[in-house]
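> Provided herewith is a single structure, encoded as structure tokens, for subsequent inquiry.
The values are calculated or read from the model by the stated rules, or taken from the named source; none is laboratory data. Everything numeric here is computed off the predicted structure, so don't read it as measured data. Cβ placement follows ideal geometry from the backbone for every residue including glycine, while neighbour counts extend to all protein chains displayed. Note: areas computed on protein heavy atoms with side chains; ligands, DNA, RNA excluded. Shrake-Rupley method; radii C 1.70, N 1.55, O 1.52, S 1.80 Å.
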Amino acid sequence: MNVLVINAGSSSVKYKLFLIENEKLLAEGLVDRIGLNGSNLLHKPIDKPEVNIKSDIPNYETALSMVMDALTDVNYGVIKSPYEISAIGHRVVHGGEKISSSVLITEEIENIIKECFDLAPLHNPPNLMGIQACKKLLPHTKQVAVFDTAFHVTIPKEAYLYAIPYRLYADYSIRRYGFHGTSHRYVANIACELLGQPLEKLKMITCHLGNGCSITAIKEGKSIDTSMGFTPLEGLIMGTRSGDIDPAIIFYLVERIGLSIQEVNSMLNRESGLLGLSGISRDMRDILKSAEEGNEMAINAIKCFVYRIKKYIGAYSASMGGLDVLVFTAGIGENSSLIRSLICKGFEYLGLYIDEEKNSNSQRKKAINTDDSKVKVLVIPTDEELMIARDTAEICGLNTT
Ligand code: ADP
């Protein structure tokens, strides 16, 4: 049985098709520039050469219809008919306060996704368009929504409320929601498999360090705090996003420097973070290279990046009353032994010691703590699409095991 995973963005659709029995990836691809000039579909069947199809793709329905054609094509397809897709799982960014787990898509769920348009104006509308296009193309195929925010619905009030007038929460739902929930949940589950212990018994911190970065505290199996907030701008230093700043900086930029609100918004989202601090790149590989060559700005950017993460690890260990497991994932977390090593330094007081040899070997799923470290430190590649496929299979009763 096959599960198709769809991630519909503002002008793109990413997809992956899994054979669910053994979780084998059969094909993946990207429809890019939907509704724009130069739209195209890049289709990558796993056991066949990839194909790039340039075509006019005005909307999501055309995009998904091309995906179905590619998946079933006689030359580069991987299935014979769209009816071999047993279920479709959709990534949806925002489920607000009502959604606490992945769900079968019904009219009620579509309405909830719509209600959250204001909270995620760039993501929820295309997510819903992807769902509606699939419903039109395959009306009898079950569809599931997997929300980025759902894992964090368990965060308690003291961690999700901002200290602004309460009516802003009551009337406008302004609170911490958190994002990257599917990734944090996936790596937490894999960590438990590796350790042979149930999540309920562990105090765990998961660090998702990619272009976007966030960190989550998981206690008794539940997310109890996370660094992204009302939007994905809060928290850690990211590729181009500032993460935490004093909000008064915004007034200063507007009133004293004369920037418009749109300019400040764009600066904090697109010109800040590693890019803003280093003046070199948003890409950690470039910054590490420049730092190695002695570039002071690159060295500072790395120090700030690491310091912010350490601060959160300390804070979350305090929130949970200890720490059993620290997990690193996503591009930087999975690949940079230096960043992991810098982050872990100074946590000996928690009983956390890493083994530099294990840390630097190239294996991607591994424990990097010393044998006598009280805190287990794990590197786990994230796979949000596989998590979505697993949830979809479970909800649709496709699991064969
Ligand atoms: P996204 O959030 O877009 O999915 P990724 O999880 O792919 O991003 O992470 C991208 C980040 O990972 C970039 O900053 C990139 O430089 C970094 N990265 C990838 N490989 C390495 C590496 N070998 N060493 C250091 N950083 C790396």
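> Could you run through the range 355-400 and say how many residues are more than 21 Å from Glu28 (Cβ to Cβ) and in a loop (DSSP other than H, G, I, E, B)?
14
> Can you give me the number of residues within the range 79-114 that are under 16 Å from Asp148 (Cβ atoms) and either assigned to a helix (DSSP H, G or I) or of a type in the set (Lys, Arg) (or both)?
5
> Hey, another quick one. Does any residue in the range 273-302 that is closer than 20 Å to Ile245 by Cα and within 12 Å of the ligand (Cβ to nearest atom) come within less than 8 Å, Cβ to Cβ, of a residue that is aromatic (Phe, Trp, Tyr) and assigned to a helix (DSSP H, G or I) six or more places away or on a different chain, and which pairs are these?
That search, which allows pairs on different chains as well, returns Leu274/Phe305.
> Before we move on, is Ile88 at pLDDT 95 or above, over 23 Å from Thr231 (Cα atoms) and β-branched (Val, Ile, Thr)?
Taking the combined requirement at face value, the residue satisfies it.
> To continue, here is another question. Looking for whichever is loosely packed, with under 15 Cβ neighbours inside 10 Å and touching a strand residue (DSSP E or B) at 6+ places or on another chain (Cβ under 9 Å) here; the options are Gly322, Gly279, Gly235, Gly294. Which one fits?
Gly322
> Within the range 56-70, identify whether any single residue is among the β-branched types (Val, Ile, Thr) and open to solvent by 40 Å² or more (accessible area, probe 1.4 Å), and answer yes or no.
yes
> Of everything in the range 331-342, what is surrounded by fewer than 23 Cβ atoms within 10 Å (Cβ to Cβ) and touching a residue at least 40 places away in the same chain (Cβ under 8 Å)? Give them in sequence order.
Gly331, Glu334, Ser336, Leu338, Ile339, Leu342
> Name the residue, out of Lys358, Lys345, Lys376, that is more than 25 Å from Gly239 (Cα to Cα), touching a helix residue (DSSP H, G or I) at 6+ places or on another chain (Cβ under 9 Å), open to solvent by 50 Å² or more (accessible area, probe 1.4 Å) and away from the ligand (no atom under 16 Å from the Cβ).
Only one candidate passes the filter, namely Lys376.
> Considering (1) surrounded by fewer than 18 Cβ atoms within 10 Å (Cβ to Cβ); (2) within 13 Å of the ligand (Cβ to nearest atom), say which one Lys311 fails and leave the rest.
Of (1) surrounded by fewer than 18 Cβ atoms within 10 Å (Cβ to Cβ); (2) within 13 Å of the ligand (Cβ to nearest atom), only one is false for Lys311: (2).
> Taking the stated definitions as given, is Glu115 free of Cβ contacts under 8 Å to residues at least 60 places away in the same chain, open to solvent by less than 20 Å² (accessible area, probe 1.4 Å) and of a type in the set (D, E, K, R)?
It is false that Glu115 is free of Cβ contacts under 8 Å to residues at least 60 places away in the same chain, open to solvent by less than 20 Å² (accessible area, probe 1.4 Å) and of a type in the set (D, E, K, R).
> Another question, if that's okay. So in the range 295-351, with the set limited to residues that are in a loop (DSSP other than H, G, I, E, B) and charged (D, E, K, R), which one is farthest from Ser272 (Cα to Cα)?
Asp324
> Only one of Gly210, Gly235, Gly258 is within 16 Å of the ligand (Cβ to nearest atom) and over 25 Å from Leu161 (Cβ atoms). Can you tell me which?
Exactly one residue qualifies, and that residue is Gly210.
> Restricting to the range 76-101, count the residues that are of a type outside the set (Lys, Arg) and in contact with a Lys or Arg (Cβ under 9 Å, 6 or more places away or on another chain).
8
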